[in-house]
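Enquirer: Can you read through this structure? Questions will come right after.
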Amino acid sequence: MVTTTNITKTYQKGTVKAVDNVSFSVEKGELFGLIGPDGAGKSSIFRMLTTLLLPDSGSATVAGHDIVTDYQRIRSKVGYMPGRFSLYPDLSIEENLHFFATVFNTTVKENYHLIEDIYVQIAPFGKRRAGKLSGGMKQKLALCCALIHKPTVLFLDEPTTGVDPVSRREFWEMLKRLRQQGITILVSTPYMDEASLCDRIALIQNGSILSIDSPQGIADAYPSSLYAVQANDLPRLIHVLPTYHPHMHSYLFGEYIHLDTRGMGGHDLPEELTRFLAAEGFGDIEVKPIAPTIEDCFINMLIRHDT
Amino acid sequence: MRILKFLLQKEFRQIFRNRAILALILVMPVMQLIILPLAADYEVKNINLSVVDHDHSPYSRQLVSKITASGYFRLQGYPASLKEAYHLIEQDKADLTLEIPRGFERELIRDGHQQLFIAVNAINGTKAGLGSAYLTRILRDYNEDIRMEWMTPTRFQPVSTIEVVPSNRFNPLLNYQFFMVPGILAILLTMVGGFLSALNIVKEKEIGTIEQINVTPIKKHHFILGKLIPFWVLGNVVFTVGLLVSWVIYGIFPQGSISAMYGFVGIYLLAVLGFGLLISTYTDTQQQAMFIMFFFMMIFILMGGLFTSIDSMPPWAKALSRLNPVSYLVEVMRMIVLKGSGWADVFPHLCAMLGFAVILNGWATLNYRKTN
């Protein structure tokens, strides 16, 4: 449904490389996530695929149409929800929805079944101006407006940034329901915990893709085993742990320190490490093996990328 | 066409919802037309005069009372010497000093001629020029009076004089309001058209809504027409309000063809809206658009022939003002309102304005891109 082949985009006359040789493809009906920190190039990729930006090189197709030569046809087939709220703040919910339906030559009635689940939640405020809505309601309205013309591909650029955790979960529930309706969805997010909700994800850093796989696949591909370590003096622990082994990578993760054991080996590591830490004067020592999260995988890839 | 209808519906809805702008559009022309023509008066009045009278004769007193009776001058005092009079000028208490020499009356009667001295504060060039001109004219009249009094009426005038009697056409009483009101109306129209269109599109850029529009199948020309038409209508409303105000308050009613006037204004608005559109395609924020618009507005207004005559500008400025749409409107307004011109008279202006409209809108349309 969406394919990109070696697309590259540079800004400021080629000095800033925003998207570097990116290739991926998204199947019909897939929920595909672009995961990466701010400035990784997610929005640039989306803006190229929605025909707002021309790539410097490479090619891409959306719903079978080339993004450069056939952009007119793409525009009537895709729904795009930019990262920033960009509906008319001085028009009401109903007016915004009605307006975007009409510019796509359709009516709200015709495709109401697509948005019904979402729209009923904001319908009681139908007469309220869009600018006066809360963050979560704005996102719901924006999603409705992006869906009202029954797009075949939906692009959601950081839809959950700045939205509270409850609304975020609700939002992902809505995306899952939409996928069941056969709409292909591309979503970008800087939140690693949302990655596991996608069918497949691409991890992006500095404009290039580090890995593309299903969330499970990426976690399974973690090259070594991972431990979570905790002790009574966490701030000191961060400094002491690296002295245990020269190859060790450790980083703070919530209230634990995650420990990558690549190049260290040994199944008796938990016991040895506990002894080492006890000798260093720590108490309440806990060392346990854990399954890597997407964030662990991302950090691991960055470390390997650098060394 | 259907899409255009919905675009227009949306634009008008937004305009009517923005009460501040709406009020401004209606109140601005009324207020400006009431205040400006009364204040922006070219006639120089209240010139402060000091008289150094060394003569103290009935003649000198008669001269001074004649000057003060003209209404243009305010007598600020009788300094004893020219030095004191200069002091008054330095302190900005007097604009003009008239020195009447000792023996003015005696020598005037004896020799039949006498000299007076006028010193003028020329910081404000207009005031100085007009002030001394008024004073010279009063002195000449006075001179005539004295001649009449002294010359024994003979059958033949010993000195032949040429008297010029001007007749003012189109504005017989030289009423400055007749001259200013149509010009101010022209400026108002330019402001409303130019600023509103430029700021409106840049606002869509600023709040990001243009992104959302750009991914829709809306055609470029639909979008641009959707922006032009509402402000074109508003411009005509402002113009009509302005005409009514000048009719009710100043009694100025167009002497010429009203249809020609609206025809010209219609095309003029297209040109100005196109200009606003063009600026909006080159700017990203309302602040940028505002400043660029101000830059051009200053030039357009000051070089538009409203305050200073274009004919008295240097040749390069004259040529430049041909590129200034405001100068055409000011001229056409005065032609139709005062001179009673019709379609045929404004035809050349109409053609030029059509050129402006086509070029500016074409340029703006070419430069408006949905894709970067």
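The values are calculated or read from the model by the stated rules, or taken from the named source; none is laboratory data. Predicted, not measured: the structure shown is a model, and the values here were computed from it. Cβ placement follows ideal geometry from the backbone for every residue including glycine, while neighbour counts extend to all protein chains displayed.
Enquirer: Filtering the stretch B:340-370 down to residues that are closer than 24 Å to A:VAL68 by Cα and surrounded by 15 or more Cβ atoms within 10 Å (Cβ to Cβ), which residue is modelled with the lowest pLDDT?
Expert: Checked the stretch B:340-370; the qualifying residue modelled with the lowest pLDDT is B:LYS370.
Enquirer: Please state which one of A:LEU49, A:LEU156 is away from chain B (no Cβ under 12 Å), buried (at least 18 other Cβ atoms within 10 Å of the Cβ), in contact with a Leu (Cβ under 9 Å, 6 or more places away or on another chain) and in contact (Cβ under 8 Å) with a residue 24 or more places away in the chain.
Expert: A:LEU156
Enquirer: Just one of A:GLY131, A:GLY136 is part of a helix (DSSP H, G or I), surrounded by fewer than 23 Cβ atoms within 10 Å (Cβ to Cβ), within 14 Å of chain B (Cβ to nearest Cβ) and within 27 Å of the chain's Cα centre (by Cα); which is it?
Expert: A:GLY131
Enquirer: Answer with yes or no whether A:GLU116 is of a type in the set (Asp, Glu), surrounded by fewer than 17 Cβ atoms within 10 Å (Cβ to Cβ) and outside any helix (DSSP H, G or I).
Expert: No: the conditions fail for A:GLU116.
Enquirer: Among helices (runs of 4 or more DSSP H) lying entirely in the stretch B:283-339, which contain 2 or more residues that are buried (at least 16 other Cβ atoms within 10 Å of the Cβ)?
Expert: The qualifying helices (runs of 4 or more DSSP H) are B:286-302, B:325-334.
So that you can scan it fast, the table gives a plain yes or no per residue for (1) farther than 20 Å from A:ALA202 by Cβ; (2) at pLDDT below 90; (3) part of a strand (DSSP E or B):
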site: A:PRO55; (1), (2), (3): no, no, no
site: A:LEU87; (1), (2), (3): yes, no, no
site: A:ASN96; (1), (2), (3): yes, no, no
site: A:VAL108; (1), (2), (3): yes, no, no
site: A:CYS144; (1), (2), (3): yes, no, no
site: A:PHE155; (1), (2), (3): no, no, yes
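Enquirer: Could I ask something else about it? Evaluate the following for A:ARG236: is it crowded, with 17+ Cβ neighbours inside 10 Å, among the basic types (Lys, Arg) and either in contact with a Ser or Thr (Cβ under 7 Å, 6 or more places away or on another chain) or at negative phi (or both)?
Expert: No.
Enquirer: Here are the criteria: (1) outside any helix (DSSP H, G or I); (2) of a type in the set (Val, Ile, Thr); (3) farther than 30 Å from A:GLY41 by Cα. Tell me which single one A:ILE238 does not satisfy.
Expert: (1)
Enquirer: If a residue counts only when it is surrounded by 12 or more Cβ atoms within 10 Å (Cβ to Cβ), of a type in the set (Gly, Ala, Ser) and out of contact with any His (no Cβ under 8 Å at 6 or more places or on another chain), which helices (runs of 4 or more DSSP H) contained entirely in the stretch B:68-155 have at least 1 such residues?
Expert: B:82-90, B:125-150
Enquirer: For the stretch B:195-210, which residues satisfy the criterion of being buried (at least 19 other Cβ atoms within 10 Å of the Cβ) and more than 10 Å from chain A (Cβ to nearest Cβ)?
Expert: Once the filter is applied, which keeps residues that are buried (at least 19 other Cβ atoms within 10 Å of the Cβ) and more than 10 Å from chain A (Cβ to nearest Cβ), the stretch B:195-210 yields B:PHE195, B:LEU196, B:SER197, B:ALA198, B:LEU199, B:ASN200, B:ILE201, B:VAL202.
Condition check ((1) within 14 Å of chain A (Cβ to nearest Cβ); (2) touching a His at 6+ places or on another chain (Cβ under 8 Å); (3) buried (at least 19 other Cβ atoms within 10 Å of the Cβ)) across all residues:
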site	(1), (2), (3)
B:GLN212	yes, no, yes
B:LYS219	yes, no, no
B:GLY226	yes, no, yes
B:GLY235	no, no, yes
B:VAL238	no, no, yes
B:GLY251	no, no, no
B:GLY256	no, no, yes
B:ALA260	no, no, yes
B:PHE264	no, yes, yes
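Enquirer: In the set A:GLY254, A:GLY283, which member is in the same structural domain as A:PRO235 (by TED's automatic domain parsing), surrounded by fewer than 12 Cβ atoms within 10 Å (Cβ to Cβ) and closer than 16 Å to A:ALA228 by Cβ?
Expert: None of the others qualify; the one that does is A:GLY254.
Enquirer: Output the number of the condition that B:ARG2 fails; it satisfies all remaining conditions of (1) modelled with pLDDT of 85 or more; (2) surrounded by fewer than 16 Cβ atoms within 10 Å (Cβ to Cβ); (3) within 14 Å of chain A (Cβ to nearest Cβ).
Expert: (1)
Enquirer: Here is a further query. So, of the residues in the stretch A:73-94 that are without any contact (Cβ under 8 Å) to a residue 40 or more places away in the chain and more than 7 Å from chain B (Cβ to nearest Cβ), which turns out to be surrounded by the most Cβ atoms within 10 Å (Cβ to Cβ)?
Expert: A:ILE74
Enquirer: Tell me, please, whether a residue that is more than 23 Å from B:TYR134 (Cβ to Cβ) and aromatic (Phe, Trp, Tyr) can be found in the stretch B:15-34.
Expert: Yes, some residue in the stretch B:15-34 is more than 23 Å from B:TYR134 (Cβ to Cβ) and aromatic (Phe, Trp, Tyr).
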